[in-house]
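Novice: Quick one: the structure is below, questions incoming.
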């Protein structure tokens, strides 16, 4: 049985006194599409940098494609593809020149390099832009070039940091279709960081990072099922008081998240009338929905899933 693509054991990483990663344990199988989901500052970018061998580990163990990150970073770099969130293109070069430069770094040359550039240009809708300078391209087109660069040498593990940055919904769907094709045809393992709930939903499995800790790990469907029942969100003038009274009067568990009362109950639609009747004039609105990945995040952390600008490094 092949070893996992990624093995992370009790990893801790600090920036000064702050723990960006706090005892993370995680195994990612070969051929898996895995998403690291979390708000900015949750720790996913730090973990991405460790896996990409950009920063050395401080505590704990990391193995990538059976190689220890500390002992054999160069062996890992030969076998992985990395697409960063920050741009890495030379704007004064054409699309084709950027791809050829990248390919040459991995030993590609001649007809093999030309064919590979052509294949990826076709796949990402860049075939008619190969002779265009990157500085003339839109943000979305530049992102496609970045993705093509990361795939030129057919990596066994592809690391993507916020891969949908700059892509419209159609291009985002095309990207994930290609990632699935890459997994099926080449057996590649794909690890993507994201703060987009709908993007994480496309992965085989996902891990949710919050304040440096892995608070959830499973398939998207299994995580939603773990929440149970329907999700009810109540807007009220006095949410704290209402959350205290609901268990007493109706026997239902309630909590306050970001100023709204939340309940998770089976057949939630039947509770709406009971709530309104039990607390006349105190409820402004009730929203009913099926459990989502945001509900999973709330259940595990007690906070809404919000994307904030990173204060430092996350």
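Quick grid of which residues meet (1) out of contact with any strand residue (DSSP E or B) (no Cβ under 6 Å at 6 or more places or on another chain); (2) assigned by TED's automatic domain parsing to the domain that holds residue 45; (3) free of Cβ contacts under 8 Å to residues at least 60 places away in the same chain; (4) outside any strand (DSSP E or B):
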| residue | (1), (2), (3), (4) |
| --- | --- |
| 241 | yes, no, yes, yes |
| 246 | yes, no, yes, yes |
| 262 | no, no, yes, no |
| 272 | no, no, yes, yes |
| 295 | no, no, no, yes |
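Novice: Are any of the residues in the stretch 139-160 at pLDDT below 85, farther than 13 Å from residue 88 by Cα and in contact with a helix residue (DSSP H, G or I) (Cβ under 8 Å, 6 or more places away or on another chain)?
Specialist: Checked the stretch 139-160: at least one residue is at pLDDT below 85, farther than 13 Å from residue 88 by Cα and in contact with a helix residue (DSSP H, G or I) (Cβ under 8 Å, 6 or more places away or on another chain).
Novice: Restricting attention to the stretch 85-112, report how many residues are over 16 Å from residue 147 (Cα atoms), crowded, with 19+ Cβ neighbours inside 10 Å and modelled with pLDDT of 95 or more.
Specialist: 0
Novice: Follow-up. Considering every residue within the stretch 118-125, establish whether at least one is in the same structural domain as residue 48 (by TED's automatic domain parsing) and in a loop (DSSP other than H, G, I, E, B). Lay out the reasoning, then the answer.
Specialist: Here is the first cut: in the stretch 118-125, the residues in the same structural domain as residue 48 (by TED's automatic domain parsing) are 118-125.
The next check asks that each one be in a loop (DSSP other than H, G, I, E, B); those that pass are 124-125.
Checked against the condition, which is being in the same structural domain as residue 48 (by TED's automatic domain parsing) and in a loop (DSSP other than H, G, I, E, B), the stretch 118-125 yields at least one hit.
Novice: What tally of residues in the stretch 15-36 results from selecting those that are part of a strand (DSSP E or B) and within 15 Å of the chain's Cα centre (by Cα)?
Specialist: Step one: list which residues in the stretch 15-36 are part of a strand (DSSP E or B), which gives 15, 18-28, 33-36.
Narrowing the set further to residues that are within 15 Å of the chain's Cα centre (by Cα) leaves 26, 28, 33-36.
Adding up the residues that qualify gives 6.
Novice: Being buried (at least 16 other Cβ atoms within 10 Å of the Cβ) and either under 29 Å from the mean Cα position of the chain (by Cα) or farther than 18 Å from residue 101 by Cα (or both) is the filter here, so list the residues in the stretch 130-139 that pass it.
Specialist: 134, 137, listed by residue number.
Novice: Inspect all residues belonging to the stretch 100-115 and state whether any of them is more than 23 Å from the chain's Cα centre (by Cα) and under 22 Å from residue 162 (Cα atoms). Talk me through it step by step, then tell me what you get.
Specialist: Filtering the stretch 100-115 for residues more than 23 Å from the chain's Cα centre (by Cα) gives 100-115.
Adding the requirement that they be under 22 Å from residue 162 (Cα atoms) leaves 102.
The answer is yes, given that some residue of the stretch 100-115 is more than 23 Å from the chain's Cα centre (by Cα) and under 22 Å from residue 162 (Cα atoms).
Novice: Return the residue satisfying two criteria in turn: it lies in the stretch 147-177 and is over 23 Å from residue 38 (Cβ atoms) and in a loop (DSSP other than H, G, I, E, B), and of such residues it is nearest to the chain's Cα centre (by Cα). Can you show your working first?
Specialist: Taking the stretch 147-177 first, the residues over 23 Å from residue 38 (Cβ atoms) are 148-149, 151-156, 168, 170-171, 174, 177.
Now drop any that are not in a loop (DSSP other than H, G, I, E, B), which leaves 152-156, 168.
Working: 152: 22, 153: 23, 154: 22, 155: 19, 156: 19, 168: 17 Å.
Of everything passing the filter in the stretch 147-177, 168 is nearest to the chain's Cα centre (by Cα).
Novice: Taking residue 209 as the residue in question, decide whether it is touching a residue at least 40 places away in the same chain (Cβ under 8 Å), in contact with a helix residue (DSSP H, G or I) (Cβ under 6 Å, 6 or more places away or on another chain), surrounded by 18 or more Cβ atoms within 10 Å (Cβ to Cβ) and within 30 Å of residue 107 (Cα to Cα).
Specialist: Values: touching a residue at least 40 places away in the same chain (Cβ under 8 Å): yes; in contact with a helix residue (DSSP H, G or I) (Cβ under 6 Å, 6 or more places away or on another chain): yes; surrounded by 18 or more Cβ atoms within 10 Å (Cβ to Cβ): yes; within 30 Å of residue 107 (Cα to Cα): no.
Here the answer is no, as residue 209 does not meet what is asked.
Novice: Any idea which residue in the stretch 178-204 is modelled with the lowest pLDDT, counting only those that are within 22 Å of residue 117 (Cβ to Cβ) and under 16 Å from the mean Cα position of the chain (by Cα)?
Specialist: Looking at residues that are within 22 Å of residue 117 (Cβ to Cβ) and under 16 Å from the mean Cα position of the chain (by Cα), I get 179.
The values are calculated or read from the model by the stated rules, or taken from the named source; none is laboratory data. Fair warning: this is a prediction, and the values are worked out from it, not measured in the lab. Note: ideal-geometry Cβ built from the backbone for every residue, glycine included; neighbour counts use all protein chains shown.
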